[in-house]
Amino acid sequence: MLPVIDIRNVHRIYESAAGYTHALKGVSLQVQRGELLCIMGPSGSGKSTLMNILGCLDTPTSGTFMLEGADVSTLTDDELAELRATRLGFVFQSFNLLPHATVLRNVMLPLVYSDCPVGERRERAVRALRAVSLPEPYYDHRSNELSGGQMQRVAIARALVNDPAVILADEPTGNLDSATGDMVLSTFTRLRDEGKTIVLITHDPEVAAWADRTVHIRDGRLLTDEQERALLAADPTVRSST
Amino acid sequence: MRIRDLVYETGSALDANRGRSLLTILGIVIGIGAVIAMTALIGGIKQSLVGEMGLNQARMVYIYCWPGRDITLDDLTALEQRMPEYECLTAASLANAKATSPTKSVDVSVEGVLPSYFKVMGAKTTQGSFYTDEDESASALVAVLDQAAVHQLFGNPDEPVVGKSVQLNGVSYGIVAVMESSSPMSSNGTVWLPFSTCASRLTGNWAVNDISGLAAEDADMSTIASTTKDKLVSYFNMDEETADEDIYVQTMQSVIDELDAMMSSFQLMMTAVASISLLVGGIGIMNMMLTNVTERIREIGLRKALGARSSDITKQFLLESVCLCVVGGVIGIVVGYLGSFALTGLAGGMLDVGGESAAIVPVIDVQSVLMATGICVLIGILFGYYPARRAARLDPVESLRYQ
Ligand SMILES: Nc1ncnc2c1ncn2[C@@H]1O[C@H](COP(=O)(O)OP(=O)(O)OP(=O)(O)O)[C@@H](O)[C@H]1O
Ligand SMILES: [Mg+2]
């Protein structure tokens, strides 16, 4: 089967006043439909860089990225925007909700850009909020009146609302207690069972345990679980950098 | 992104910054206010001028001439024959007298005028009818009062006085008509007598003080002043050199031209004030929009990450600045219209047409409201475009990382 995500030999070099930073050094990764993939790695290893590329927010310096069979590098800015609106859902580490807008308005925001008819929006937002089990009385609260766990559930509902093929989540449970975190993760596994492809970034091995597959990223290079274990066995000190 | 979404986003963004927005649009309010006040004022002046003018008044010509001797009625007849461009010429002699009614006694100005005078002036009566050629040739003791004189003598401008009499310097005249006056309560009264009656009874002198003419229907009003002057010079054998000082021909057209000249300098001044404050206002809008963009960098990054195109972001910020300007413009239109009432008091004194200052009511038309709104939209686009493009060009990854 054609992988939903297929990146090959991707490099990303940042240019800044301080010089060049080679954040990704030839990364190749395939993710199948209905797979829950976990990416682990120490701070500064290039996780967010990879995530931005997978989310079509950033483009690789070299290498190819096929999303659902389409070559992303040939798309125009507007086509990339449409892809983000309709095929991708983001869950950011810092939630990134509009603080003064209501919960419903926040969840409906992506629908504004995917040309969803106005009449359908509320219903779809409510369905997404039910999927993350946010109690109904909160729907009309402003998002800055919610707890961290509630905000994260709103952020996940926002990622779901357009019924995307791929959900990308950067440390979605980083700010949550373990019970709420488990609830969020079971939401992800249910979505995976419904056929969505989910990529999530984490530091936490317990979170990684929920995943179908885990890859490790070190200094801009990907390692499989086995390679990682082999590396750790050879030199246990590397673990401390995580 | 649908129109409805754009409107919603704009509404909530403006709502969130209400206080700051109001301060920012002050420049626009002042600029548009000045433009509207000016146009409402000029519209009012023009309208009151047109209202003042009777049907004939556009064709009325006032002639002052001093050929070095008195002008007689015979001169007038001779001039009338030499000037076919006039339908008729009429004469007036001026005097003052003490007028007495059964109850009161006041000083009035008296004009001895031929019956044709009323036609030339396009005068209207509120009661009775003007005296005739028979009264003129019989030097009849008849008088026409204006409403102001009726007000002074009888206490009420609409008092029925036709058939009653008024004494001028002790001689009794029968009142045949009352002439409409634009401000009967404020001005002093005027009494009109037949020219011959005035000459024989009041002045003892048959000289013509003023000549007025009614131009023929097909006369060229733009050249009538100079042809009249030339004909007067040749008829009276006047010195060409001094003719400019001794002859003055005023058409209604020239009054309007003078007024227009005065207005256009006034207009120029107001336009300068308006454009400067619109420019300052526009820069204020731009500044606020740039601040807005900086404050909302994360929001912009988020919107882009959720699928907003650059054009969606441009539209959103552009509409915001256009709305700001239009709100400023609408406030400015209201402020300007109210302000023009204050200005009419000022302008009423400057504008003194036909001896009586006309009451001016500011006039505002749909056209100038639409134009003011259009200017606001234009300013919004002009000064909002750069900030909007800046927002649209932001890199989503950088924007999301922005603290
Ligand atoms: N915009 C940028 N300009 C220059 N260098 C950058 C930029 N973004 C990231 N980098 C560099 O690229 C490398 C990878 O950064 P990245 O944000 O992908 O790390 P990460 O794995 O997400 O780390 P963390 O777990 O701390 O979030 C780092 O060395 C970082 O300094
Ligand atoms: Mg990161």
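Before moving on, here are some points about what is shown:
- Charge context of A:T189, other residues only, Cβ under 11 angstrom, K/R +1, D/E -1: -1
- Rh by Kirkwood over Cα pairs, then Stokes-Einstein D for segment B:67-246 at 0.890 mPa s and 25 °C, µm²/s: 141 µm²/s
- For segment B:222-347, a simple Cβ point-charge model (Lys and Arg +1, Asp and Glu -1, everything else neutral) yields a dipole of about 1700 debye relative to the Cα centre.
- Diffusion of chain B by Stokes-Einstein, at 20 °C in a medium of 1.002 mPa s and with Rh set to the Kirkwood radius over alpha-carbon pairs, works out to 82 µm²/s.
- Taken about its Cα centre, the protein assembly as shown carries a charge dipole of roughly 3900 debye when the Cβ of each Lys and Arg holds +1 and the Cβ of each Asp and Glu holds -1.
- Distance histogram for segment B:176-246 (every C-alpha pair counted, 10 angstrom bins, percent rounded to whole numbers): 13, 27, 32, 26, 2
- Taking chain A as a Gaussian network of alpha-carbon nodes connected by springs under 10 Å, the highest mean-square fluctuation of the residues A:A125, A:A155, A:A18 belongs to A:A18.
- Note: relative contact order over segment B:67-246, using C-alpha pairs below 8 Å and six or more positions apart, is 31 percent.
- For segment A:113-126, the Karplus equation 6.51 cos²θ - 1.76 cosθ + 1.60, evaluated at θ = phi - 60°, returns couplings of 9, 9, 6, 7, x, 4, x, 8, 5, 4, 4, 5, 5, 5 Hz by residue, with Gly and Pro reported as x.
- At R0 = 60 Å, FRET efficiency that the Cβ-Cβ distance of B:D15 and B:A243 yields, to 0.05: 0.25
- Ranking B:F195, B:P157, B:S226 by Cα position along the charge dipole of segment B:67-246, where only Lys, Arg, Asp and Glu carry charges on their C-beta atoms, puts B:P157 farthest toward the positive end.
- FRET efficiency estimate (nearest 0.05) - Cβ-Cβ, A:H100 to B:Q47, R0 41 angstrom: 0.25
- Amide H to amide H, with H built 1.01 Å from N, A:L223 comes under 5 Å of A:H216, A:I217, A:R218, counting only residues 5 or more places away or on other chains.
- Cα convex hull, segment A:1-146: 163 Å³ per residue, rounded to a whole number.
- Gaussian network model of chain A, Cα within-10 Å springs - most flexible of A:G149, A:G19, A:G181: A:G19
- Scalar couplings 3J(HN,Hα) for segment B:151-161, obtained by applying the Karplus form with A = 6.51, B = -1.76, C = 1.60 to θ = phi - 60°, are 4, 5, 8, 10, x, 8, x, 9, 4, x, 10 Hz; x denotes Gly and Pro.
- Only the Cβ atoms of Lys and Arg (+1) and of Asp and Glu (-1) were treated as charged; on that basis the dipole of segment B:67-246 about its Cα centre amounts to roughly 1040 debye.
Every number here is computed from the coordinates shown, using simple stated rules; none is lab data. If you're wondering where the values come from, they're calculated on a predicted model, not measured in any experiment. Positions of Cβ are generated from backbone atoms using ideal geometry, with glycine treated the same way; all protein chains shown enter the neighbour counts.
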